[in-house]
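Following: one structure in structure tokens, then a few remarks.
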Amino acid sequence: MQFPYVSICLPAYNMKNYIEKAIISILNQSFQNFEIIIVNDHSEDKTLEVIKKLQLKDSRIKLINHSKNSGVYSSRVDSILASKGRYIMLMDSDDLLISPNILENLYNYNFKYNLDLLEFAVYSFFENNNSLAYLERYFHFHYFSKDIISQPQLDDIQFKPNRINQVFNIGCRVIWNKIIKKKVLIKSIQYIGKEFYEKFFITAEDTLLNLISFHFAKNYSNIKIPGYMYNIRNNSMTHGRNGIKKKIFFCYNHLLFFSKLFYFIKNYNKNRIILYNELLDLNKRLIKLNKLTKNNTEILLFYNNILNDKYVFKVFRDLIKTFISKLKNYK
């Protein structure tokens, strides 16, 4: 049996207005050695009907049905485990492959370098004003001089940004503008653990999977060819967070994400510098969480657990103490 070169995995929840275009953008690729795995995450609209209609036209479309809504990350994991491809592309079901040649370009580049992780450029589509913007530097790393970055330098760059005489910026935390070897993603989801992703409700799951995948990848590169169109919808899970309950879940998920990221770095004895920007961003959400719940007990416990880590260096420790002070004084 010939296995597909790449498995393109899409989670789908109430996507009847988008998913057909997403699937067609894959089917229209010049490179045809792929399979499409769609996880219908217990949609309440006609998403399932749209998928089944397209399945009749192409046997490469595989369907997984969830008996209950489990969330994006759980859907991604199920599609990865069911995949047959050597490489995986994790795509959102409201996005598009905007270039019909992107899979062919990725295949040719990978044939040359045998990469574990390869990124490509992105367009953003803003649904509210029907505009398209090219994200020129939407990569995890920029400005590296070689064609590829290999371990252990790849890990060093990720966890020690802005090193002397080097300019590296981590500017992309999404999982969908890349193809990744399946074995890398399997190691990543095994590390993250089922008990962790089952707690996720809304956001930050892709960020963590992205960072961990870069750790387990042996090498990385990017090509400045736009291939993906990211659809920014006002009512999406990421960009539309109306309602108190949803805002609380949104903030709490970032707390879960940071907890797992922190202990990942702790377990692997990584430099804590990468946590600065994440903590600064997280702290804004934790203040908001405190406002919404009127309860800072769990947040303070989280901060105190970090302070008890003997590897936390002084600057980071002082920053956390400042946050704790502000939180205690907040009324």
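Close Cβ contacts (under 6 Å, 6 or more residues apart or on different chains) running from residues in segment 50-71 that are touching a residue at least 24 places away in the same chain (Cβ under 8 Å) and open to solvent by less than 60 Å² (accessible area, probe 1.4 Å) to residues that are in a loop (DSSP other than H, G, I, E, B) and among the hydrophobic types (A, V, I, L, M, F, W, C) comprise G71/F200.
So, of the residues in segment 269-288 that are outside any helix (DSSP H, G or I) and surrounded by 11 or more Cβ atoms within 10 Å (Cβ to Cβ), which turns out to be modelled with the highest pLDDT?
K270
Scanning segment 48-80 for residues that are assigned to a helix (DSSP H, G or I), at pLDDT below 95 and among the hydroxyl-bearing types (S, T, Y) yields Y73, S74, S75. Here Y252 clears all of (1) at pLDDT 70 or above; (2) surrounded by fewer than 20 Cβ atoms within 10 Å (Cβ to Cβ); (3) over 23 Å from L103 (Cα atoms) except the condition numbered (2). Of all residues in segment 107-124, those satisfying the criterion of being of a type outside the set (D, E), assigned to a strand (DSSP E or B) and either out of contact with any Phe, Trp or Tyr (no Cβ under 7 Å at 6 or more places or on another chain) or open to solvent by less than 10 Å² (accessible area, probe 1.4 Å) (or both) are L117, L118, F120, A121, V122, S124. None of I170, I148 is more than 23 Å from L97 (Cβ to Cβ), open to solvent by 20 Å² or more (accessible area, probe 1.4 Å), modelled with pLDDT under 70 and among the β-branched types (V, I, T) except I170.
Of all residues in segment 35-47, which are within 24 Å of the chain's Cα centre (by Cα) and surrounded by fewer than 20 Cβ atoms within 10 Å (Cβ to Cβ)?
The one that is within 24 Å of the chain's Cα centre (by Cα) and surrounded by fewer than 20 Cβ atoms within 10 Å (Cβ to Cβ): H42.
Residues that are open to solvent by 20 Å² or more (accessible area, probe 1.4 Å), under 24 Å from D206 (Cα atoms) and among the hydroxyl-bearing types (S, T, Y) within segment 1-34 comprise Y5, Y13, Y18, listed in sequence order. Candidates are the residues of segment 125-136 that are more than 25 Å from N222 (Cα to Cα) and in contact (Cβ under 8 Å) with a residue 60 or more places away in the chain; the one that is surrounded by the most Cβ atoms within 10 Å (Cβ to Cβ) is E127.
Within segment 7-25, being of a type in the set (A, V, I, L, M, F, W, C) and out of contact with any Asp or Glu (no Cβ under 8 Å at 6 or more places or on another chain) holds for C9, I23, I24.
So, V39, is that one among the hydrophobic types (A, V, I, L, M, F, W, C), more than 22 Å from Y107 (Cβ to Cβ) and outside any strand (DSSP E or B) or not? No: the conditions fail for V39.
Hey, could you check segment 203-245 for residues that are part of a loop (DSSP other than H, G, I, E, B) and at pLDDT 90 or above and say which is least open to solvent (accessible area, probe 1.4 Å)?
Pass one, segment 203-245, residues part of a loop (DSSP other than H, G, I, E, B): 203-204, 217-218, 233-243.
Filter once more, so that each one left must be at pLDDT 90 or above: 217-218.
Values: A217: 1, K218: 129 Å².
Result: A217.
Remark: I164 falls outside the filter, which requires a residue to be modelled with pLDDT of 75 or more and either at positive phi or surrounded by fewer than 21 Cβ atoms within 10 Å (Cβ to Cβ) (or both).
The values are calculated or read from the model by the stated rules, or taken from the named source; none is laboratory data. Source: prediction; values computed, not measured. No Cβ is skipped: glycine too gets one built from the backbone with ideal geometry, and neighbour counts run over all protein chains shown. Accessible surface is based on the protein model in full, side chains and every heavy atom, while ligands, DNA and RNA are left aside. Shrake-Rupley method; radii C 1.70, N 1.55, O 1.52, S 1.80 Å.
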